[in-house]
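The values are calculated or read from the model by the stated rules, or taken from the named source; none is laboratory data. Just so it is clear, the model here is predicted, and its values are computed rather than measured. Glycine gets a Cβ as well: all are built from the backbone with ideal geometry, and neighbour counts include every protein chain shown.
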Amino acid sequence: MSKKLYDGLESKEINRIKKKSQVQFVLSHLFKNRLAVAGILFLSIMIISSIAIGFLVDYKVIVKHDLRNKLLGVSARYWFGTDGFGRNLFYRIIYGARISLMIGFVSVAGSTVLGGTIGSIAGYYGGKLDIIIMRFIDIQMAIPSTLFAICIVSVLGTGITNLLLAIMIADIPQFALIFRSSVMSVKNSEFVEAARSNGCSTYRIIFRHILPNCMGPIIVQATLNLGGVILTAASLSFIGLGVMPPTPEWGVILTEGQEYMRDFPTLVIFPGLAIMLTVLACNFIGDGLRDALDPKLK
C-alpha cells in the first residue's frame, strides 16, 4: 500500500472517530438533562402510540357517531370518556397525535429546507443579492407568523395540505436568518478557503463544508419550532381554518368539546393536556440540545 493511500485512509479514519466522539459527547450531555430525557420519552410514546393505533383500531370506529353512548364518563372501556357524538375520546386524541405530529415534522422540515436554501445563498454570496433577499425576509418578518398563516389559509382554503403549506411558508424567515448568519460566520474560514482553492463547486462548499459546521443552532431552532408549529396548527383548526371535522385533530377535538365544557370539562382537559405536554416535551428537548451543543462545554 502506498504511503499516500495509507495517509488518506488514516485521515478518513481519524475524521470518522472525531465525528463519532462529537456525537457521543452531545448525546452524553443531552441524556444528563432530566427534562430533555422526559421530553424524549413522552414524544417517543406519542409517536409510537399514534402509529400503533392505525393498526389496532379501524378509522371508521374513531369517526363513527354512536349517540347511544355519548357523553359517558371515564371508565375501563372509555379511558377518557366519550364526546358529544359518542366517539371514544382516547382513540381520537391518540389518532390526533398522528395528524398533529405529522403537520409539525413535515412543516418544520419544509421550512428548514426552503429557509436554509434562501439563507445559505444570501449569506454565501452577500452583496446586492443578500440585500434583496433580506428585504423580502424583513417584510415577511413584520407580519406575525400565525397571522401570516391565517392569511394563506384564507386564500388557499382549509385542509391538512393547505395548513401545512401555510405554516411552512410562515416559518421560512426564521430559518433563513439562522442559516444566513451561520454561513456568514464560517464562509471565510481556512477550511472553506482550502475547498475553494481546490476547485470545489459552490454547492459542495455550502452543503459539504459550511452547513455541517453550523448544524448546532439549526437543530435547536427546528426542535423548538416543532412545539410552536403544533400549537399553531391546533389554534387554526380550533377557529375553523385548519383541519376540518370529523378528522380527529387536537384543535378539532377542542372545538367539538367546548360546547359541553361546563358540564363535561374532560372533553377539553384531555386534548388540552395532550397539546400542552407535547409542546413542553419539544421545548425540553430543544433546551437540552442547546445546552449539549454549546461550544463552551467542549
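Some points to look at:
- Against the list (1) out of contact with any Lys or Arg (no Cβ under 7 Å at 6 or more places or on another chain); (2) without any contact (Cβ under 8 Å) to a residue 60 or more places away in the chain, the condition Gly86 fails is (1).
- Among the residues of the range 121-158, those that are among the β-branched types (Val, Ile, Thr) and either surrounded by fewer than 18 Cβ atoms within 10 Å (Cβ to Cβ) or within 24 Å of the chain's Cα centre (by Cα) (or both) comprise Ile121, Ile131, Ile132, Ile137, Ile139, Ile143, Thr146, Ile150, Ile152, Val153, Val155, Thr158.
- Considering residues of the range 52-70 that are among the aliphatic types (A, V, I, L, M) and surrounded by 13 or more Cβ atoms within 10 Å (Cβ to Cβ) only, the residue farthest from Ser100 (Cα to Cα): Val57
- Filter result for Tyr95 (over 24 Å from Cys282 (Cα atoms) and either assigned to a helix (DSSP H, G or I) or at pLDDT below 85 (or both)): no
- The range 281-297, residues that are in a helix (DSSP H, G or I) and at pLDDT 70 or above: Ala281, Cys282, Asn283, Phe284, Ile285, Gly286, Asp287, Gly288, Leu289, Arg290, Asp291, Ala292
- Single residue of Thr161, Thr146 found to be in a helix (DSSP H, G or I), under 27 Å from Met244 (Cβ atoms) and modelled with pLDDT under 85: Thr146
- In the range 259-286, the residue that is surrounded by the fewest Cβ atoms within 10 Å (Cβ to Cβ) out of those that are under 16 Å from the mean Cα position of the chain (by Cα) and among the polar types (S, T, N, Q) is Asn283.
- Residue match in the range 216-236 (condition: polar (S, T, N, Q) and within 18 Å of Phe90 (Cβ to Cβ)): no
- Number of the condition not met by Gly242 [criteria: (1) part of a helix (DSSP H, G or I); (2) surrounded by 14 or more Cβ atoms within 10 Å (Cβ to Cβ); (3) over 17 Å from the mean Cα position of the chain (by Cα)]: (1)
- Across the range 71-80, not a single residue is classified as surrounded by fewer than 22 Cβ atoms within 10 Å (Cβ to Cβ), in a helix (DSSP H, G or I) and touching a helix residue (DSSP H, G or I) at 6+ places or on another chain (Cβ under 8 Å).
- Test result for Thr161, surrounded by fewer than 19 Cβ atoms within 10 Å (Cβ to Cβ), of a type in the set (Val, Ile, Thr) and in contact (Cβ under 8 Å) with a residue 12 or more places away in the chain: no
- Test: residue in the range 167-181 that is farther than 20 Å from Val229 by Cβ, of a type in the set (Ser, Thr, Tyr) and loosely packed, with under 15 Cβ neighbours inside 10 Å: yes
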